[in-house]
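As structure tokens, the structure follows; a few thoughts come after it.
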Amino acid sequence: MTSFAFVADDFTGATDALWQFRRLGLTGCLVTDAGRLHDGYDVIGIATTARASADPVPVVLPVLRAVAALRPLVIQYKVCSTFDSSPEHGSIGAVIAALHREELARGPVPVLAAQPELGRYTWFANHFVRSGAEVHRLDRYPPMRDHPVTPASESDLRVRLVEQGAGRVGWLPAWPAPSEEAYRALGADAAFVADAQTEEHVRALGRLLLDDARSRGGPLYCVGSGGLSHALASAHAAAGAGEREPEPLGPAAPVLVVSGSRSPITARQIDVAERAGWRVLDAFSGLRGTTGSFAGLLAEVAESLGEGRHTIVQSTRGPARDPAAIGDLLGRIASVAVRAGLVGRLVVAGGDTSGQVVAALDARSLDVVASLAAGGPVCVLSSGDPACDGLEVALKGGQVGGADYFLRAADGTPPA
């Protein structure tokens with residue numbers, strides 16, 4: 001019987017959500033379309049491309065209805081821990097409004113963006129991001145303040161959700177932890193933003209949500225990051241149950257990285273890999289209208305991988321280009337290289353890019369098997385194409401992982 005279901009607004013976030021449940025011993029699977037949903041696991045997720053949509057509601061609402069038919073206790077709309085959304089792109093507020101308009105949600109929708117293990121915190125409903133030794137307010141964190149699609153001009157998540165059409169939004173404080181009394185007193189708001197600075201805050205909220213879900217006649221709808229997935233999983237796990245330790249994968253060669261991410265964190269990871277001897281190729285050379293060609297870029301990729309050399313094809317450096325065209329190009333590069341038997345392990349950097357690459361590999365489902373970094377698990381892909389079936393693939397959000405993430409992808413070692 002399925003206890004939890006989630007619908008993710010991108011593919012990298014979907015694999016993170018599944019890992020949060022799997023690491024605490026729940027069985028689970030991530031599927032790529034609603035026709036493959038089933039109730040054979042404790043948790044089932046479905047990945048979408050809603051974050052890249054001008055209007056995510058038509059993308060996710062049919063899927064939310066489909067997972068509701070499995071009658072789970074909780075249905076999570078999985079979003080990024082940096083709350084990547086705006087009124088024009090991937091609006092989280094629009095999805096919350098739709099949950100109420102379609103009479104799916106009963107009462108205010110819990111929203112937890114915090115994920116302390118990733119350095120994401122919410123306090124007084126304002127969101128913060130840790131980068132190295134520094135903690136930045138979301139609207140002063142350069143990668144989000146200057147994001148090319150969903151720039152963060154406000155750190156108060158209540159304000160963000162109201163601007164996106166969610167309706168009235170409340171707040172659940174955590175002093176020293178979220179209390180049942182405060183939770184029950186939330187009233188008739190459309191949603192509420194939950195504070196969390198520590199893992200104990202996260203676990204306490206999970207217990208409140210699961211108790212609420214068990215008292216309902218239908219599923220509890222909630223919105224949040226992998227922190228919310230972890231909150232629910234920890235509340236469900238048996239008392240005293242320990243977390244599943246990430247297992248080393250062992251080395252793989254050659255590794256192909258395709259990166260559509262524009263994050264400076266991914267750029268640093270590419271720099272580290274290049275200094276270690278990896279070959280780095282410019283994806284722009286394969287776009288139509290450039291001086292190069294797709295065939296020429298593909299030949300360079302095949303030559304490099306054929307020599308056993310770890311290879312990165314990236315649009316992270318240089319000027320921003322059409323993300324859909326870049327994603328399509330990287331999907332075709334990965335598809336040809338994998339089907340030619342040239343790839344030992346695949347890494348995809350960028351949430352929107354991941355969806356296009358996974359589709360190009362004819363993926364039916366994914367299961368997480370290990371972790372290279374918090375928020376950056378490794379999956380085994382199930383595909384209708386035997387050449388792609390069983391491929392190890394890591395789908396990495398742009399801001400996930402340390403500087404040596406790609407080196408670890410080759411070594412197969414989790415962070416120390």
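The values are calculated or read from the model by the stated rules, or taken from the named source; none is laboratory data. Quick caveat, the model's predicted, so the values are computed rather than measured. Every residue, glycine as well, gets a Cβ built from its backbone with ideal geometry; the counts of neighbours run over all protein chains shown. Note: areas computed on protein heavy atoms with side chains; ligands, DNA, RNA excluded. Shrake-Rupley method; radii C 1.70, N 1.55, O 1.52, S 1.80 Å.
Observations on the structure shown:
- Counting 0.36 nm for each residue step from Ala182 to Phe124 and taking away their Cα separation leaves a gain of 19.5 nm.
- For segment 315-387, the C-alpha radius of gyration sits at 1.14 times the compact-globule guess of 2.2 N^0.38 Å, with N the residue count.
- Mean projection area, nm², convex hull over Cα of segment 249-347: 6.3
- R0 of 30 Å, Cβ-Cβ distance Arg65-Glu200: FRET efficiency to nearest 0.05: 0.30
- With N as its number of residues, the chain has a Cα radius of gyration that, divided by 2.2 N^0.38 Å, comes to 0.94.
- Backbone N under 14 Å from the Arg275 label point (7 Å along Cα→Cβ), restricted to segment 376-416: 403-407
- As computed over segment 97-224, the Cα convex hull volume per residue (Å³): 107
- Segment 361-416, Cα convex hull volume normalised per residue, Å³: 81
- For the chain, with all protein chains in place and a probe radius of 1.4 Å, 51% of the accessible heavy-atom surface sits on carbon or sulfur.
- Antiparallel DSSP beta bridges within the chain, as percent of all bridges there, nearest 5: 35
- Prolate/oblate/rounded label for segment 265-416 (Cα gyration tensor, a/c 1.5): rounded
- Over segment 1-155, equivalent-ellipsoid semi-axes from the Cα gyration tensor in Å: 27, 18, 14
- Only protein heavy atoms count here; under a 1.4 Å probe, Ile265 has an accessible surface of about 20 Å².
- If you plug the beta carbon distance of Glu307 and Val380 into 1/(1 + (r/R0)^6) with R0 = 25 Å, you get a FRET efficiency near 0.45.
- Listed residue (Val60, Gly350, Gln115) projecting farthest to the positive dipole end of the chain, Cβ model: Val60
- Per residue, the solvent-accessible area of the chain (1.4 Å probe, heavy atoms of protein chains only, all protein chains present) comes to 37 Å².
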